[in-house]
Amino acid sequence: MTSISQTTRPAYSAASPRSDGLSTGFYKLLFMTPTILVLALVVAGPLLYSFWLSLHEYIITYGMGDLVWFENYAVMMSDEFAGVSWVTMKLTVIVVVLEFLIAFGLALLLNQSWLKFREIYLLVLMLPILMTPVAVALMFRLMFNPNLGIINWLLSLVGIPQQGWFGDPDLALATVVFVDIWNETSLMLIMLYAGLKSLPQDPVEAARIDGASAFQILWHVTLPMLKPVILVTLLIRMITALKSYDLIYMLTQGGPGKVTETISFYAYRLGFRFLDIGQAAAVSFILLAAVVVLTVVLLRIMREN
Amino acid sequence: MPRLITTRLGVMAASLLAASTALADPAAVCKGKTLNLLLETVPDSTALIEVAPEFEALSGAKLNMEAVNYSLMHEKLVPSLTASSGSYDVLAVDSYWAGEFVTANWIQPLDERIAADKIDTSVYYPALMDVNGKVKDTTYMLPFWQYAMGMLYRKDIVEDPAFQAAYKENFGRDWRLPETLQEYAEVAKWAGQHTGKAGVAMSGQRADPVVMEATNYVFSLGADFYDRETWEPALGSPEGIEAVTIYADLLANAAQPGALGANFDDVANTLKQDKAVFAISYLFLMPTLQDPKESQVVDKVAFARMPGEDSLLGAWGWSIPTNAANPDCSWEFIKWVESRDVAMKRAMAGGQATQAWIYDDAEYLKLWPQMAAVGDALAHAKGLPVMSRATQLVEVFAEVMGDVLANGTDPATAIANAEDKFARLTRGDPLLK
């Protein structure tokens with residue numbers, strides 16, 4: 001038989017002297033140094049380098065040019081940047097709101113005790129997030145193909161004329177939103193469902209005994225308790241939506257015109273099509289700043305709540 | 001019989017001798033090496049992949065060929081070319097990348113190698129050497145395949161007497177292929193209404209598809225992006241504005257549904273499904289239109305030169321990256337792939353040959369009769385300007401077209417709005433001095 005002996009730990013503080021004469025603080029620093037160095041190399045290094053690039057005129061074809069300080073950031077004042085910012089905002093707000101409503105509804109449904117085959121539904125609902133956006137985009141490009149696609153064929157059965165979908169300026173953004181919702185709702189669903197499952201049931205039971213209706217329980221008990229999870233979910237999804245790039249690249253290339261061009265795709269175009277690395281870096285930093293500001297605001301709201 | 005055997009043995013011996021002579025150089029510099037190539041997913045790449053084992057057997061090198069969609073090629077190449085040691089040993093360079101690659105010093109001049117090996121570059125169509133062989137009188141590429149553009153049309157429809165009678169009734173003249181861009185637009189719109197199909201299959205997708213197509217309209221009317229003497233922007237000329245206006249009109253009133261989001265694959269599919277009468281597109285679509293496994297219009301489509309003045313001429317050229325690991329072996333591959341036998345094999349397999357003599361070969365023309373139109377198409381074609389930022393010229397023109405087609409901006413205003421961008425692209429360009 002194995003016995004486990006318990007020993008009493010000595011009283012301990014960060015400032016306690018050690019037998020080797022070195023402070024615990026020293027050891028803390030020593031053990032953390034590799035991590036700090038790796039983080040500096042992997043995260044801070046590229047960030048600083050790209051910031052340095054954003055201060056230069058750098059077109060790859062011509063090589064590194066002069067230091068222009070914040071001249072590349074003047075792109076913020078252009079109509080072009082205003083246009084892509086507006087598209088990004090529209091896309092972000094629409095997909096986050098719609099995906100949240102759908103995901104929350106599905107999470108509530110999955111959380112019902114009377115639901116059978118819950119694991120199967122959950123598995124099916126998780127499938128989209130398991131697929132890469134490239135595969136999703138290719139699938140929907142074919143489905144929405146004006147001539148070959150199943151969507152137009154189905155519509156034709158009820159007499160609706162062929163639509164251009166990704167090629168129609170009036171429908172392109174809505175079609176991208178549809179694909180995004182299909183692909184990304186699962187992420188919100190799993191987070192909200194996990195949040196619901198972890199809620200204590202006592203307050204819900206108490207409310208039910210007190211005669212509260214299902215809606216009252218949802219509004220006055222479940223939602224307030226779930227608020228931190230909801231905020232984190234919204235925050236994560238807003239950040240990823242602001243950076244939308246892969247679906248745009250595969251579905252529309254930002255077109256028709258610039259109807260679906262987001263800030264990320266604009267930065268990509270500046271960098272990889274115009275080979276203007278200075279401007280591309282500046283736009284990326286502007287986007288980074290927007291994401292940081294949004295994160296700080298939401299974290300503050302969470303803290304206050 | 002014995003005489004035939006003797007003859008065959010003689011031919012085999014001669015072939016082996018020729019092969020061993022050709023083998024000497026590749027094997028010496030290539031044995032045990034791997035050559036990485038980046039190719040576009042087009043019939044020429046398929047044709048190359050079919051004959052590639054021959055080079056591996058001759059040289060002892062391994063060919064690692066990666067064929068990707070066009071839109072991915074430039075962005076895969078640039079990071080590789082800017083690195084000190086690149087991922088690719090042989091490049092297929094699109095004609096409008098040539099200036100950029102030369103200015104950035106990403107590809108090697110080939111003149112010394114050409115002279116040392118006595119390569120005859122006069123076998124190529126001169127227009128192709130101009131558009132994608134030489135930059136400022138130095139040879140950087142040997143033309144790999146050409147993408148002549150022009151008018152694809154349904155010959156079964158337009159040669160139908162009922163169609164021609166209706167045409168005469170509508171236009172008051174006997175049937176003829178459109179001779180000007182304006183006439184093309186007029187006929188395409190009418191043909192669409194008359195047949196119940198799309199008058200024209202179009203590719204309005206940003207950026208390369210719409211630009212490659214619409215540039216034909218620009219060149220057809222004699223307009224251009226720049227005055228090629230002063231390098232001042234010139235698209236704002238009345239002809240340039242009219243070209244963009246006609247393109248927008250056709251896209252709105254005669255094209256297949258979803259044309260604004262379509263690329264050239266979609267144009268091919270629209271034609272293959274018997275859903276359009278005309279298209280301004282690539283001659284290299286012919287093999288796929290003639291494939292009975294995927295096309296409903298086998299032997300029903302013909303190619304003619306672009307109505308009006310010129311069409312857009314493009315080509316891909318073989319080049320050696322400056323950072324190639326084995327440039328001598330890369331050159332051996334280029335020599336082999338452009339040798340007469342291999343060039344002919346690729347052409348017979350559906351490739352778009354760049355060597356003029358192939359289009360005079362009776363056996364080739366028997367297999368690909370529609371390719372007889374290449375000479376005429378090349379004689380009335382010109383390329384995008386060879387400038388360091390031609391890749392960006394495509395992006396800026398795509399923005400103009402997007403502004404007109406998606407936002408409904410008047411063509412003159414859209415072009416005027418982009419004038420500063422056009423001007424910035426030529427500023428300080430060493431190739432234009």
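The values are calculated or read from the model by the stated rules, or taken from the named source; none is laboratory data. As the structure is a computational prediction, the values presented were derived from the model and not from experiment. Using ideal geometry, Cβ is built from the backbone for each residue, glycine included, and neighbour counts are taken over all protein chains shown. What goes into the accessible areas is simple: the full protein's heavy atoms, side chains included, and nothing from ligands, DNA or RNA. Shrake-Rupley method; radii C 1.70, N 1.55, O 1.52, S 1.80 Å.
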- Item | Two-site FRET efficiency, A:Ser156 against B:Glu183, from Cβ-Cβ distance with R₀ of 30 Å, rounded to 0.05 | 0.35
- So how much accessible area does A:Met32 have, in Å² to the nearest 10, using a 1.4 Å probe? 100 Å²
- Query: Within chain A, what's the longest stretch lacking trypsin sites (Lys or Arg not before Pro) that sit in DSSP loops with no more than 16 other Cβ atoms inside 10 Å?
  - Reply: A:117-305
- Calculate, in nm to one decimal, what A:Asp79 and A:Val292 gain on full extension: separation in residues at 0.36 nm each, minus their alpha carbon distance. 74.3 nm
- Sequence of B:Val218, B:Val123 when ordered by accessible area, the most exposed leading, probe 1.4 angstrom: B:Val123, B:Val218
- Semi-axes, largest first, in whole Å: what does sqrt of 5 times each Cα gyration tensor eigenvalue give for the stretch B:56-148? 21, 18, 15
- Note on the structure: A student asked for the Cα radius of gyration and Dmax of chain B in angstrom ought to give 22.9, 79
- Solvent-accessible surface (1.4 angstrom probe) belonging to B:Ile114, in square angstrom, nearest 10: 20 Å²
- Approximate spin-label separation B:Asp361-A:Leu108, in nm, with each point projected 7 Å along Cα-to-Cβ: 7.2 nm
- Item | For the pair A and B, total buried accessible area rounded to nearest 100 Å², probe 1.4 Å | 2700 Å²
- Which cross-chain or sequence-distant (5 or more) residues have an amide H under 5 Å from the amide H of B:Ala67, H modelled 1.01 Å from N in plane? B:Leu39
- Task: Obtain the nm distance between the two label points defined at B:Ser85 and A:Met89 by a simple spin-label model: each point lies 7 Å from its Cα along the Cα-to-C-beta direction.
- Result: 5.0 nm
- Summed over the other residues with a beta carbon less than 15 angstrom from that of A:Gln201, with K and R at +1 and D and E at -1, the charge totals -1
- Remind me, relative contact order of chain B in percent, using alpha carbon pairs under 8 angstrom and six or more residues apart? 25 percent
- Message: What figure, in Å² to the nearest 10, do you get for the accessible area of B:Asp299 with a 1.4 Å probe and non-protein molecules left out?
- Response: 100 Å²
- Are there GluC sites (Glu not before Pro) in the stretch B:88-172 that DSSP marks as loop and that have at most 15 other Cβ atoms within 10 Å, and which are they? B:Glu159
- Message: Given points 7 Å out from each Cα along the Cα-Cβ axis, report the B:Ala162 to B:Asp291 separation in nanometres with one decimal.
- Response: 3.2 nm
- Taking a cut-off of 20 Å between Cα atoms, list the aspartates and glutamates near B:Lys76, but don't count ones fewer than 8 places away on the same chain. A:Asp246, A:Asp276, B:Glu40, B:Asp44, B:Glu66, B:Asp89, B:Asp94, B:Glu100, B:Asp208, B:Glu395
- Message: Helix-only estimate, please: 222 nm mean residue ellipticity of the protein assembly as shown, summing -39500 (n - 2.57) across DSSP H runs of length 4 or more and dividing by its residues, to the nearest 500.
- Response: -17500 deg cm²/dmol
- Calculate, for the protein assembly as shown, the solvent-accessible area per residue in square angstrom, rolling a 1.4 angstrom probe over the heavy atoms of the protein chains. 47 Å²
- Message: Averaged over its residues, how many other protein chain Cβ atoms are within 10 Å of peptide B:393-399's Cβ atoms?
- Response: 2
- Query: B:Ile157: net charge of surrounding residues, Cβ under 10 Å, Lys/Arg +1, Asp/Glu -1, itself excluded?
  - Reply: 0
- Find how many whole Å separate the alpha carbon centroid of the stretch A:107-167 from the alpha carbon centroid of the stretch B:386-403. 36 Å
- Just subtract the alpha-carbon distance of A:Asp202 and A:Met143 from 0.36 nm times their residue separation and send over the number in nm, one decimal. 16.5 nm
- Query: Dipole of chain B (Lys/Arg Cβ +1, Asp/Glu Cβ -1, origin at the Cα centre): which of B:Asn323, B:Gly222, B:Val337 lies farthest to the positive side?
  - Reply: B:Val337
- Work out, in µm²/s and without decimals, the Stokes-Einstein translational diffusion coefficient of chain A at 20 °C, 1.002 mPa s, Rh from Kirkwood over C-alpha pairs. 90 µm²/s
- Query: What is the dipole size for the stretch A:78-274, taken about its Cα centre, with +1 at each Lys and Arg Cβ and -1 at each Asp and Glu Cβ, in debye to the nearest 20?
  - Reply: 220 debye
- Surrounding charge for B:Pro411, neighbours by C-beta under 11 angstrom, Lys/Arg +1, Asp/Glu -1, total -4
- Could you name the lysines whose alpha carbon sits less than 24 Å from that of B:Lys197, not counting residues in the same chain fewer than 8 places away? B:Lys155, B:Lys168, B:Lys189, B:Lys272, B:Lys275, B:Lys293, B:Lys300
- Query: Charges only on Cβ, +1 for Lys and Arg, -1 for Asp and Glu: so what's the dipole of the protein assembly as shown about the Cα centre, in debye to the nearest 20?
  - Reply: 2540 debye
- Task: Would you kindly derive the ³J(HN,Hα) couplings of the stretch B:38-53 from the backbone phi angles with the Karplus curve 6.51 cos²θ - 1.76 cosθ + 1.60 (θ = phi - 60°), listing them in order in whole Hz, with x for Gly and Pro?
- Result: 10, 10, 8, 7, 9, x, 5, 5, 4, 4, 5, 4, 5, 9, 3, x
- On full extension of the chain, what length is gained from A:Met302 through A:Tyr121, given 0.36 nm per residue of separation minus the C-alpha to C-alpha distance? 62.0 nm
- Note on the structure: At 25 °C in a medium of viscosity 0.890 mPa s, the protein assembly as shown has a Stokes-Einstein diffusion coefficient, with Rh taken as the Kirkwood radius over alpha carbon pairs, in µm² per second, of 83 µm²/s
